[in-house]
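Below is one structure, written out as C-alpha coordinates; the observations come after it.
The values are calculated or read from the model by the stated rules, or taken from the named source; none is laboratory data. Model, not experiment: these values are computed from the prediction. Ideal geometry is used to build each Cβ from the backbone, glycine not excepted, and the neighbour counts take in all protein chains shown. Keep in mind that these areas ignore ligands, DNA and RNA; they rest on the heavy atoms of the full protein, side chains included. Shrake-Rupley method; radii C 1.70, N 1.55, O 1.52, S 1.80 Å.
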Amino acid sequence: MQALVYHGPGHKAWEEVPEPEITDDGDVIVRVDATTICGTDLHILAGDVPEVHSGRILGHEAVGTVVEAGDGVHTLAPGDRVLVSCISACGTCQFCRQGRYGQCLAGGGWILGHTIDGTQAEYVRVPFADTSTFRIPAGVTDEEALMLADTLPTGYEVGVLAGGVRPGDVVAIVGAGPVGLSAITCAQLFSPSHIVAIDRSDARLDAAKQFGADVTVNNSRADPLAVIRELTGRLGADVSIEAVGTAATFELAVSLIRPCGRMANIGVHGRAATLHLEDAWMKDITITTGQVDTSSTPTLMHLVSTGQIDVKRFVTHHFSLDEFDEAYDVFARAADTGALKVILT
(Lines give C-alpha, C1' and ligand atoms only; values in the text may rest on other atoms or scores of the structure.)
Protein backbone atom coordinates (compact mmCIF):
# COMPACT_ATOMS: atom_id res chain seq x y z
CA MET A 1 0.00 0.00 0.00
CA GLN A 2 0.95 3.67 -0.11
CA ALA A 3 1.45 5.75 3.03
CA LEU A 4 2.95 9.01 4.22
CA VAL A 5 6.17 8.13 6.05
CA TYR A 6 8.13 10.38 8.41
CA HIS A 7 11.88 10.46 7.77
CA GLY A 8 13.05 12.82 10.48
CA PRO A 9 12.44 16.54 11.08
CA GLY A 10 11.41 18.30 7.88
CA HIS A 11 11.23 15.10 5.82
CA LYS A 12 8.30 12.93 4.75
CA ALA A 13 7.40 10.88 1.68
CA TRP A 14 4.35 9.21 0.12
CA GLU A 15 5.78 5.78 -0.56
CA GLU A 16 5.06 2.08 -0.81
CA VAL A 17 5.04 0.18 2.50
CA PRO A 18 3.76 -3.24 3.61
CA GLU A 19 0.05 -3.48 4.36
CA PRO A 20 -0.75 -3.67 8.08
CA GLU A 21 -1.58 -7.00 9.66
CA ILE A 22 -3.55 -7.99 12.73
CA THR A 23 -1.08 -8.55 15.58
CA ASP A 24 -3.54 -8.83 18.49
CA ASP A 25 -7.01 -10.37 18.78
CA GLY A 26 -8.45 -6.92 19.54
CA ASP A 27 -7.19 -5.29 16.31
CA VAL A 28 -9.08 -4.36 13.19
CA ILE A 29 -7.72 -3.34 9.81
CA VAL A 30 -9.50 -0.29 8.40
CA ARG A 31 -9.45 0.89 4.80
CA VAL A 32 -8.98 4.65 5.07
CA ASP A 33 -11.74 6.45 3.20
CA ALA A 34 -10.90 9.92 4.53
CA THR A 35 -8.13 11.37 6.65
CA THR A 36 -6.77 14.79 7.54
CA ILE A 37 -3.72 16.66 8.80
CA CYS A 38 -3.42 17.98 12.34
CA GLY A 39 -1.29 20.75 13.78
CA THR A 40 0.37 18.01 15.83
CA ASP A 41 1.66 16.51 12.57
CA LEU A 42 3.36 19.84 11.87
CA HIS A 43 4.89 19.74 15.36
CA ILE A 44 6.25 16.25 14.58
CA LEU A 45 7.79 17.47 11.33
CA ALA A 46 9.32 20.41 13.20
CA GLY A 47 11.07 17.96 15.53
CA ASP A 48 8.95 18.87 18.56
CA VAL A 49 7.90 15.25 19.26
CA PRO A 50 11.19 13.32 19.39
CA GLU A 51 9.56 10.01 20.34
CA VAL A 52 8.25 9.79 16.75
CA HIS A 53 11.00 7.90 14.95
CA SER A 54 12.00 7.88 11.31
CA GLY A 55 9.95 5.32 9.37
CA ARG A 56 6.70 6.03 11.21
CA ILE A 57 3.50 6.44 9.17
CA LEU A 58 1.95 9.74 10.26
CA GLY A 59 -1.65 10.60 11.09
CA HIS A 60 -4.11 9.93 13.91
CA GLU A 61 -7.53 10.75 12.41
CA ALA A 62 -9.56 8.71 9.94
CA VAL A 63 -12.93 7.56 8.76
CA GLY A 64 -12.95 4.20 7.04
CA THR A 65 -14.36 0.75 6.48
CA VAL A 66 -13.41 -2.32 8.50
CA VAL A 67 -11.88 -4.94 6.20
CA GLU A 68 -10.63 -7.45 8.79
CA ALA A 69 -11.28 -8.01 12.49
CA GLY A 70 -9.34 -10.00 15.08
CA ASP A 71 -10.95 -12.92 16.89
CA GLY A 72 -11.31 -10.86 20.05
CA VAL A 73 -13.30 -8.02 18.43
CA HIS A 74 -16.95 -8.23 19.50
CA THR A 75 -18.66 -5.10 18.18
CA LEU A 76 -17.25 -4.68 14.66
CA ALA A 77 -17.25 -6.72 11.48
CA PRO A 78 -15.93 -6.29 7.95
CA GLY A 79 -17.97 -3.69 6.10
CA ASP A 80 -18.68 -1.51 9.15
CA ARG A 81 -18.17 2.24 8.65
CA VAL A 82 -16.23 3.68 11.58
CA LEU A 83 -14.56 6.75 12.99
CA VAL A 84 -10.98 5.98 14.05
CA SER A 85 -10.33 8.07 17.14
CA CYS A 86 -7.02 9.81 17.73
CA ILE A 87 -6.98 8.08 21.13
CA SER A 88 -6.79 4.32 21.60
CA ALA A 89 -8.21 2.87 24.81
CA CYS A 90 -7.70 -0.55 26.38
CA GLY A 91 -10.94 0.04 28.31
CA THR A 92 -9.86 -1.76 31.47
CA CYS A 93 -6.90 0.04 33.08
CA GLN A 94 -7.24 2.50 35.96
CA PHE A 95 -7.48 5.58 33.76
CA CYS A 96 -9.71 4.02 31.10
CA ARG A 97 -12.16 2.99 33.85
CA GLN A 98 -12.29 6.70 34.77
CA GLY A 99 -12.90 7.76 31.17
CA ARG A 100 -9.39 9.21 30.94
CA TYR A 101 -8.46 7.26 27.82
CA GLY A 102 -5.66 9.65 26.86
CA GLN A 103 -3.72 8.35 29.86
CA CYS A 104 -4.30 4.62 29.11
CA LEU A 105 -1.75 2.47 30.95
CA ALA A 106 -1.99 -0.62 28.74
CA GLY A 107 -0.54 0.62 25.48
CA GLY A 108 -3.26 3.03 24.42
CA GLY A 109 -3.55 6.81 24.55
CA TRP A 110 -2.18 8.75 21.60
CA ILE A 111 -0.35 6.00 19.73
CA LEU A 112 -1.50 6.27 16.10
CA GLY A 113 1.08 8.23 14.11
CA HIS A 114 3.09 8.55 17.31
CA THR A 115 4.35 5.22 18.64
CA ILE A 116 2.65 2.99 16.04
CA ASP A 117 1.85 3.55 12.37
CA GLY A 118 -0.95 5.99 11.72
CA THR A 119 -3.82 6.86 9.44
CA GLN A 120 -2.24 8.82 6.59
CA ALA A 121 -2.24 5.67 4.52
CA GLU A 122 -4.50 3.45 2.47
CA TYR A 123 -4.98 1.05 5.41
CA VAL A 124 -4.39 1.27 9.16
CA ARG A 125 -4.26 -1.24 12.02
CA VAL A 126 -6.39 -0.04 14.94
CA PRO A 127 -5.66 -1.66 18.34
CA PHE A 128 -8.33 -2.03 21.04
CA ALA A 129 -10.87 -1.67 18.25
CA ASP A 130 -14.00 -2.20 20.35
CA THR A 131 -13.13 0.78 22.56
CA SER A 132 -11.16 2.94 20.08
CA THR A 133 -13.58 3.31 17.17
CA PHE A 134 -17.09 4.70 16.83
CA ARG A 135 -19.82 3.62 14.46
CA ILE A 136 -20.97 6.54 12.32
CA PRO A 137 -24.74 7.18 12.33
CA ALA A 138 -26.65 7.34 9.07
CA GLY A 139 -26.81 10.91 7.83
CA VAL A 140 -23.38 11.92 9.16
CA THR A 141 -20.93 12.33 6.28
CA ASP A 142 -17.32 11.15 6.29
CA GLU A 143 -16.14 14.75 6.50
CA GLU A 144 -18.39 15.55 9.46
CA ALA A 145 -17.35 12.42 11.33
CA LEU A 146 -13.68 13.12 10.68
CA MET A 147 -13.91 16.36 12.68
CA LEU A 148 -14.76 14.17 15.69
CA ALA A 149 -11.54 12.14 15.49
CA ASP A 150 -9.57 14.87 17.28
CA THR A 151 -10.42 18.50 16.47
CA LEU A 152 -13.83 18.91 18.09
CA PRO A 153 -13.26 16.70 21.18
CA THR A 154 -9.94 18.43 21.84
CA GLY A 155 -11.41 21.92 21.80
CA TYR A 156 -14.35 20.76 23.91
CA GLU A 157 -12.58 18.59 26.51
CA VAL A 158 -9.12 20.12 26.87
CA GLY A 159 -10.31 23.68 26.29
CA VAL A 160 -13.93 24.34 27.25
CA LEU A 161 -14.53 21.64 29.88
CA ALA A 162 -11.07 21.85 31.46
CA GLY A 163 -11.36 25.63 31.53
CA GLY A 164 -14.72 25.40 33.25
CA VAL A 165 -16.58 27.76 30.91
CA ARG A 166 -19.80 28.94 32.60
CA PRO A 167 -22.76 31.10 31.58
CA GLY A 168 -21.78 34.75 31.43
CA ASP A 169 -18.04 34.14 31.31
CA VAL A 170 -15.64 36.17 29.22
CA VAL A 171 -13.61 33.58 27.32
CA ALA A 172 -10.34 34.45 25.54
CA ILE A 173 -9.06 31.96 22.98
CA VAL A 174 -5.45 32.37 21.87
CA GLY A 175 -5.09 30.85 18.42
CA ALA A 176 -7.85 30.66 15.81
CA GLY A 177 -6.73 27.54 14.01
CA PRO A 178 -8.99 24.47 13.82
CA VAL A 179 -8.70 23.60 17.52
CA GLY A 180 -9.19 27.21 18.59
CA LEU A 181 -12.26 27.37 16.35
CA SER A 182 -13.46 24.15 17.95
CA ALA A 183 -13.14 25.79 21.36
CA ILE A 184 -15.13 28.78 20.05
CA THR A 185 -17.82 26.42 18.73
CA CYS A 186 -18.10 24.43 21.94
CA ALA A 187 -17.85 27.40 24.32
CA GLN A 188 -21.15 28.62 22.91
CA LEU A 189 -22.87 25.57 24.39
CA PHE A 190 -22.35 27.28 27.80
CA SER A 191 -23.59 30.81 26.95
CA PRO A 192 -20.53 32.98 27.68
CA SER A 193 -21.07 36.74 27.54
CA HIS A 194 -18.08 37.28 25.21
CA ILE A 195 -15.75 35.11 23.20
CA VAL A 196 -12.52 36.91 22.31
CA ALA A 197 -10.42 35.33 19.55
CA ILE A 198 -6.74 36.28 19.37
CA ASP A 199 -4.50 35.49 16.39
CA ARG A 200 -1.94 37.10 14.09
CA SER A 201 -3.81 36.09 10.93
CA ASP A 202 -6.69 38.27 9.74
CA ALA A 203 -8.03 35.34 7.69
CA ARG A 204 -8.26 33.17 10.79
CA LEU A 205 -9.85 35.99 12.77
CA ASP A 206 -12.48 36.32 10.02
CA ALA A 207 -13.12 32.58 10.44
CA ALA A 208 -13.35 33.07 14.21
CA LYS A 209 -16.15 35.62 13.70
CA GLN A 210 -18.03 33.18 11.49
CA PHE A 211 -17.64 30.48 14.14
CA GLY A 212 -19.05 32.70 16.89
CA ALA A 213 -16.38 34.99 18.38
CA ASP A 214 -17.88 38.42 18.99
CA VAL A 215 -14.51 40.14 19.60
CA THR A 216 -11.33 39.55 17.58
CA VAL A 217 -7.83 40.88 18.21
CA ASN A 218 -4.88 40.70 15.86
CA ASN A 219 -2.08 40.69 18.43
CA SER A 220 0.48 41.77 15.87
CA ARG A 221 -1.27 45.14 15.86
CA ALA A 222 -3.22 45.45 19.09
CA ASP A 223 -2.80 44.53 22.76
CA PRO A 224 -5.26 41.74 23.66
CA LEU A 225 -4.82 42.38 27.38
CA ALA A 226 -5.96 45.99 26.94
CA VAL A 227 -9.00 44.84 24.94
CA ILE A 228 -10.00 42.27 27.55
CA ARG A 229 -9.50 44.67 30.44
CA GLU A 230 -11.79 47.12 28.66
CA LEU A 231 -14.45 44.39 28.38
CA THR A 232 -14.15 43.29 32.00
CA GLY A 233 -13.69 46.44 34.06
CA ARG A 234 -9.94 45.76 34.14
CA LEU A 235 -10.37 42.33 35.78
CA GLY A 236 -9.35 40.01 32.94
CA ALA A 237 -10.96 37.02 31.28
CA ASP A 238 -12.74 34.38 33.34
CA VAL A 239 -11.24 31.68 31.11
CA SER A 240 -8.41 31.71 28.61
CA ILE A 241 -7.67 28.82 26.25
CA GLU A 242 -4.25 28.41 24.63
CA ALA A 243 -4.56 26.67 21.25
CA VAL A 244 -1.19 27.23 19.56
CA GLY A 245 1.65 25.60 21.47
CA THR A 246 4.40 28.20 21.77
CA ALA A 247 6.00 29.83 24.78
CA ALA A 248 4.69 33.25 23.73
CA THR A 249 1.09 32.11 23.40
CA PHE A 250 1.21 30.21 26.69
CA GLU A 251 2.52 33.27 28.53
CA LEU A 252 -0.07 35.47 26.82
CA ALA A 253 -2.92 33.16 27.81
CA VAL A 254 -1.83 33.17 31.46
CA SER A 255 -1.57 36.96 31.48
CA LEU A 256 -5.15 37.40 30.23
CA ILE A 257 -7.01 35.79 33.13
CA ARG A 258 -8.46 37.57 36.13
CA PRO A 259 -7.79 36.68 39.76
CA CYS A 260 -9.42 33.28 40.41
CA GLY A 261 -9.56 32.72 36.65
CA ARG A 262 -8.87 29.53 34.71
CA MET A 263 -6.41 28.92 31.87
CA ALA A 264 -6.65 25.72 29.78
CA ASN A 265 -3.64 24.78 27.67
CA ILE A 266 -4.43 22.77 24.54
CA GLY A 267 -1.36 23.50 22.41
CA VAL A 268 1.39 20.91 21.85
CA HIS A 269 4.60 22.36 23.30
CA GLY A 270 7.95 21.12 22.07
CA ARG A 271 9.96 23.71 23.99
CA ALA A 272 9.97 25.24 27.45
CA ALA A 273 7.62 28.06 28.37
CA THR A 274 7.93 30.38 31.34
CA LEU A 275 5.29 30.57 34.03
CA HIS A 276 5.68 34.04 35.55
CA LEU A 277 4.96 33.16 39.16
CA GLU A 278 6.29 36.54 40.22
CA ASP A 279 3.07 37.94 38.71
CA ALA A 280 0.70 35.01 39.17
CA TRP A 281 1.47 33.51 42.59
CA MET A 282 -1.11 35.56 44.49
CA LYS A 283 -3.90 35.56 41.86
CA ASP A 284 -5.37 32.16 42.83
CA ILE A 285 -5.49 31.02 39.22
CA THR A 286 -5.96 27.50 37.87
CA ILE A 287 -3.92 26.22 34.92
CA THR A 288 -4.79 22.93 33.26
CA THR A 289 -2.88 20.93 30.69
CA GLY A 290 -3.77 17.67 29.04
CA GLN A 291 -4.38 15.42 26.14
CA VAL A 292 -7.85 14.74 24.80
CA ASP A 293 -9.58 11.61 26.10
CA THR A 294 -12.33 11.53 23.41
CA SER A 295 -14.80 10.49 26.11
CA SER A 296 -17.10 13.20 24.71
CA THR A 297 -17.16 11.77 21.18
CA PRO A 298 -20.61 10.10 21.52
CA THR A 299 -22.11 13.34 22.82
CA LEU A 300 -20.51 15.40 20.06
CA MET A 301 -21.56 12.84 17.44
CA HIS A 302 -25.15 13.27 18.61
CA LEU A 303 -24.89 17.07 18.45
CA VAL A 304 -23.51 16.84 14.91
CA SER A 305 -26.08 14.27 13.75
CA THR A 306 -28.95 16.42 15.04
CA GLY A 307 -27.58 19.61 13.48
CA GLN A 308 -26.85 21.34 16.78
CA ILE A 309 -23.17 21.73 15.85
CA ASP A 310 -22.11 22.49 12.27
CA VAL A 311 -18.69 20.99 11.56
CA LYS A 312 -18.86 21.18 7.76
CA ARG A 313 -17.47 24.71 7.90
CA PHE A 314 -14.15 23.42 9.28
CA VAL A 315 -13.35 21.81 5.90
CA THR A 316 -11.76 24.23 3.42
CA HIS A 317 -9.68 22.08 1.06
CA HIS A 318 -9.94 18.65 -0.56
CA PHE A 319 -7.19 16.40 -1.94
CA SER A 320 -6.71 12.82 -3.00
CA LEU A 321 -4.48 10.60 -0.86
CA ASP A 322 -1.59 10.85 -3.30
CA GLU A 323 -1.59 14.66 -2.97
CA PHE A 324 -0.20 14.72 0.57
CA ASP A 325 2.72 17.00 -0.31
CA GLU A 326 0.37 19.67 -1.66
CA ALA A 327 -2.06 19.18 1.22
CA TYR A 328 0.69 19.64 3.83
CA ASP A 329 1.93 22.76 2.05
CA VAL A 330 -1.55 24.29 1.99
CA PHE A 331 -2.20 23.39 5.64
CA ALA A 332 1.19 24.63 6.86
CA ARG A 333 0.68 28.00 5.12
CA ALA A 334 -2.78 28.51 6.55
CA ALA A 335 -2.26 32.24 7.07
CA ASP A 336 -1.80 32.58 3.31
CA THR A 337 -4.13 29.85 2.03
CA GLY A 338 -7.02 30.26 4.48
CA ALA A 339 -6.85 26.52 5.24
CA LEU A 340 -8.67 25.21 8.29
CA LYS A 341 -9.03 21.44 7.86
CA VAL A 342 -7.86 19.70 4.69
CA ILE A 343 -9.47 16.40 3.73
CA LEU A 344 -7.74 13.62 1.83
CA THR A 345 -9.80 10.83 0.27
> Looking only at residues in the stretch 235-250 that are in contact with a strand residue (DSSP E or B) (Cβ under 9 Å, 6 or more places away or on another chain) and over 22 Å from Leu189 (Cβ atoms), which one is most open to solvent (accessible area, probe 1.4 Å)?
Replying inline: Leu235
>> Checking the structure you have, find out if any residue of the stretch 50-61 is in a strand (DSSP E or B), in contact (Cβ under 8 Å) with a residue 40 or more places away in the chain and of a type in the set (Ser, Thr, Tyr).
In response: no
> Is it the case that some residue within the stretch 203-226 is closer than 24 Å to Asp284 by Cα and among the aliphatic types (A, V, I, L, M)?
Replying inline: yes
>> Cβ-Cβ under 6 Å, sequence separation 6+ or interchain: first residue in the stretch 204-220 and closer than 18 Å to Thr249 by Cα, partner part of a strand (DSSP E or B) and among the hydroxyl-bearing types (Ser, Thr, Tyr). Which pairs?
In response: Leu205/Thr216; Ala208/Thr216
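Conditions (1) open to solvent by 20 Å² or more (accessible area, probe 1.4 Å); (2) farther than 14 Å from Val171 by Cα; (3) without any contact (Cβ under 8 Å) to a residue 60 or more places away in the chain; (4) assigned to a helix (DSSP H, G or I), marked per residue:
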{"site": "Arg258", "(1), (2), (3), (4)": "yes, no, yes, no"}
{"site": "Gly261", "(1), (2), (3), (4)": "no, no, yes, no"}
{"site": "Gly267", "(1), (2), (3), (4)": "no, yes, no, no"}
{"site": "Arg271", "(1), (2), (3), (4)": "yes, yes, no, no"}
>> All but one of (1) more than 25 Å from Arg135 (Cβ to Cβ); (2) touching a helix residue (DSSP H, G or I) at 6+ places or on another chain (Cβ under 9 Å); (3) not in a loop (DSSP other than H, G, I, E, B) hold for Thr35; state the number of the condition that does not hold.
In response: (1)
> Can you tell me which residue in the stretch 294-332 is farthest from Pro137 (Cα to Cα), limited to those that are of a type in the set (Val, Ile, Thr) and without any contact (Cβ under 8 Å) to a residue 60 or more places away in the chain?
Replying inline: Val330
>> I'm trying to understand the selection: among the residues of the stretch 151-179, which are in contact with a Lys or Arg (Cβ under 8 Å, 6 or more places away or on another chain) and open to solvent by less than 20 Å² (accessible area, probe 1.4 Å)?
In response: Thr151, Gly163, Ala176, Gly177, Pro178
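Tell me, yes or no, whether the stretch 321-338 has at least one residue that is within 30 Å of Pro167 (Cβ to Cβ) and in a loop (DSSP other than H, G, I, E, B). Reasoning before the result, please.
Of all residues in the stretch 321-338, those within 30 Å of Pro167 (Cβ to Cβ) come to none.
Among the residues of the stretch 321-338, not one is within 30 Å of Pro167 (Cβ to Cβ) and in a loop (DSSP other than H, G, I, E, B), which makes the answer no.
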> Within the stretch 281-293, can one find any residue that is among the polar types (S, T, N, Q), in contact with a strand residue (DSSP E or B) (Cβ under 8 Å, 6 or more places away or on another chain) and surrounded by 20 or more Cβ atoms within 10 Å (Cβ to Cβ)?
Replying inline: no
>> For the stretch 72-129: of the residues being small (Gly, Ala, Ser) and open to solvent by 30 Å² or more (accessible area, probe 1.4 Å), which is nearest to Ile37 (Cα to Cα)?
In response: Gly107
> Since Thr131 meets every condition but one in (1) under 24 Å from Leu303 (Cβ atoms); (2) assigned to a loop (DSSP other than H, G, I, E, B); (3) at pLDDT 95 or above, which condition does it not meet?
Replying inline: (2)
>> Looking only at the stretch 279-300, count every residue that is assigned to a helix (DSSP H, G or I) and at pLDDT 95 or above and tell me the total.
In response: 4
